[in-house]
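Notes to accompany the following structure.
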Amino acid sequence: MSLRKGQGTAILNRALPLPPPGFKLKVNVLHARTGANPLAYDDLREWIKALEKAGELKRITTEVSPELEITEITDRVSKIGAGGASHPKGKAPTQAQYTPGGPALLFENIKGHPGHKVLINQFGSERRMAMSLGVNSLDEIAGKITALLNFKPPTGGLLDKLKMLPQLGALTSAFPKTVSAKEAPCKQVILRENFDLNAFPILKCWPHDGGRFITLPCVHTRDPKSGKRNIGMYRMQVYDGQTTGMHWQRQKVAAEHFRNAIRLQVAANTTEDPLHAMVSAMAESAGGSVSIPDGPIGGLPQVAMGTLKGSRLEVAVAIGTDPATTFSAIVPAPPEVEEFMIAGFLRGKSLEIVQCETVDLQVPAHAEIILEGYVELGELRTEGPFGDHTGFYTLTDQYPVFHLTCITHRRDPIYAATIVGKPPMEDAWMGRAVERIFLPAMRMQIPEIVDIHLPVEGVFHNLMLVSIRKSYAGQARKVMNAIWSLGQAMFTKIIIVVDEDCDVQDIGEVTLRVANNIDPERDIQFTLGPIDSLDHSSRLPNYGSKMGIDATRKWKAEGFDRPWPAMVEMDRETKERVDALWSKLGL
Ligand SMILES: [Mn+2]
């Protein structure tokens, strides 16, 4: 489903020696979290109970179809409270008891799937997003995550170790705990043969979608080079009962695991220089994303993807995990940090994991459904179209194929899903959480950043508003280039930079500043580079141009020689006099 891992992202684990001014690391929360957190949700069912208790969940007992109907209902509910007049359908229910985003929905009567349930919109409001991580406000999480990413095991003398003790205590909760199959609810039912994915109420989301898509999967892979485990969220198109697409976009961590498997395999196969074989395999197959024919090209031998057939990368997919684990799959953490640790840290309680039946991977023991299997290195298949979070369909493209070897699940499994489409939808709240949570870490890379805002209609990668503390000529352009080099923020199509006296959360204010402050030919900067796979307008898939707008005040030092006017504002004395009069004015 391609949830964008928001662009406040690109958390790199290279900490600066000193935090930038104004940055307050909330180490105190670490001290408070030295034991297991009894409030952590162990599984999806505890989370559903908590949502219901808080009035944040609605059970739907009327029969509905997983084909299109759940989407239409959820879409209307997601848009409750979303900007009133701009509501696209104009017929959403308007229950005042629900915060913007509407309630989470538990469908209990699914046409064609008696006994099955579908949970959707679980993260679809600011309150639920905070609840899912056990905090009152997302800012509470920001300090904790930053501390986690900066954590380095003590290597120095006794004094260094003593200084680290409080953090070490807190971090024990971050390490996952392996449990036996007997203790793992996700293995209550084990299906090694004659299983059929179609048993689950997997949604067909939009009319022109290529089929049914698993939209909230936690996809587990292991880097064949480093051994590090990863969880990412990549939509999966159901081809039949035993195979799906695996839509990991080329810049995602699991796609790199896939490429590392290809690199190792071609290096093993070649009779010539293994490094040269790896370079050729990447260039000829566009990083493993394009099929190339077997046999010589131009009379010369080449790395044929066909020779990779039979080589595999193991994959396991968890559906319906506790909310912190689901969220960890979309968190833009550096590949070195395993999501098991992020989930444990967010929960304040170790995540229990269990060994898979047919592949050498570990998965959350309390998940509702586990799909085990592999992708074959030389195999690609047409995936899509899919109604995406851009508000447009993404076109068909070639992606790896996931072959199932086993399904395990809890008794009466609850199928967790989301839908994406024209914003705002559930992913808007998840993206907003990522934006808030990672702002401090982004500031550690680009310390002059004061605030950022990814307007929901900018669908995460199209538009970033940035305010900076400008200290030298040309700094707005330096900030643009820095953002375009940060993890997934590299995809940002339009970056708008304003001075720190402009509140980037106020789109009206940003519009006024930008439109007034720029001389377009002078202040717009274009650059070329990687483009989000979902972009339908770039000259080539995945490669195209980006634009930065420097809407900061221009300095003489930047060649601006005209006087710059002050903005219109009343003086403080007059304001105070009118404040005193205000109640008498009858306004
Ligand atoms: Mn990761």
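Quick notes on this structure:
- On inspection, GLU368 passes the criterion of being under 15 Å from THR321 (Cβ atoms) and touching a residue at least 60 places away in the same chain (Cβ under 8 Å).
- Residue pairs meeting the criteria (Cβ under 6 Å; at least 6 apart or on separate chains; first within 21 Å of ALA255 (Cα to Cα) and hydrophobic (A, V, I, L, M, F, W, C), in the range 332-358; second within 10 Å of the ligand (Cβ to nearest atom) and not in a helix (DSSP H, G or I)): ILE342/VAL331; ILE342/ALA333
- Filter pass, GLN249 being assigned to a strand (DSSP E or B) and either under 12 Å from VAL315 (Cα atoms) or touching a residue at least 40 places away in the same chain (Cβ under 8 Å) (or both): no
- Those strands (runs of 3 or more DSSP E) of the range 52-147 in which 3 or more residues are modelled with pLDDT of 90 or more and under 21 Å from the mean Cα position of the chain (by Cα) are absent.
- Qualifying residue in the range 503-515 (condition: among the small types (Gly, Ala, Ser) and in contact (Cβ under 8 Å) with a residue 24 or more places away in the chain): no
- Within the set ARG229, ARG212, the sole residue that is assigned by TED's automatic domain parsing to the domain that holds HIS389, touching a residue at least 40 places away in the same chain (Cβ under 8 Å) and within 15 Å of the ligand (Cβ to nearest atom) turns out to be ARG229.
- Residue ID - surrounded by the fewest Cβ atoms within 10 Å (Cβ to Cβ), chosen from residues in the range 219-246 that are small (Gly, Ala, Ser) and part of a loop (DSSP other than H, G, I, E, B): GLY227
- Every condition in (1) away from the ligand (no atom under 16 Å from the Cβ); (2) surrounded by 19 or more Cβ atoms within 10 Å (Cβ to Cβ) is met by GLN398 except one, and the failing one is (2).
- Those residues of the range 253-268 which are farther than 22 Å from PRO334 by Cα and touching a Leu at 6+ places or on another chain (Cβ under 8 Å), in sequence order: GLN265, VAL266, ALA267
- Whichever residue in the range 316-371 is of a type in the set (Asp, Glu), part of a loop (DSSP other than H, G, I, E, B) and within 14 Å of the ligand (Cβ to nearest atom) and, among such residues, is surrounded by the most Cβ atoms within 10 Å (Cβ to Cβ): GLU338
The values are calculated or read from the model by the stated rules, or taken from the named source; none is laboratory data. Here the structure is a predicted model, which is why all the values come from computation and not from measurement. All Cβ positions, glycine included, derive from the backbone under ideal geometry; neighbour counts span all protein chains shown.
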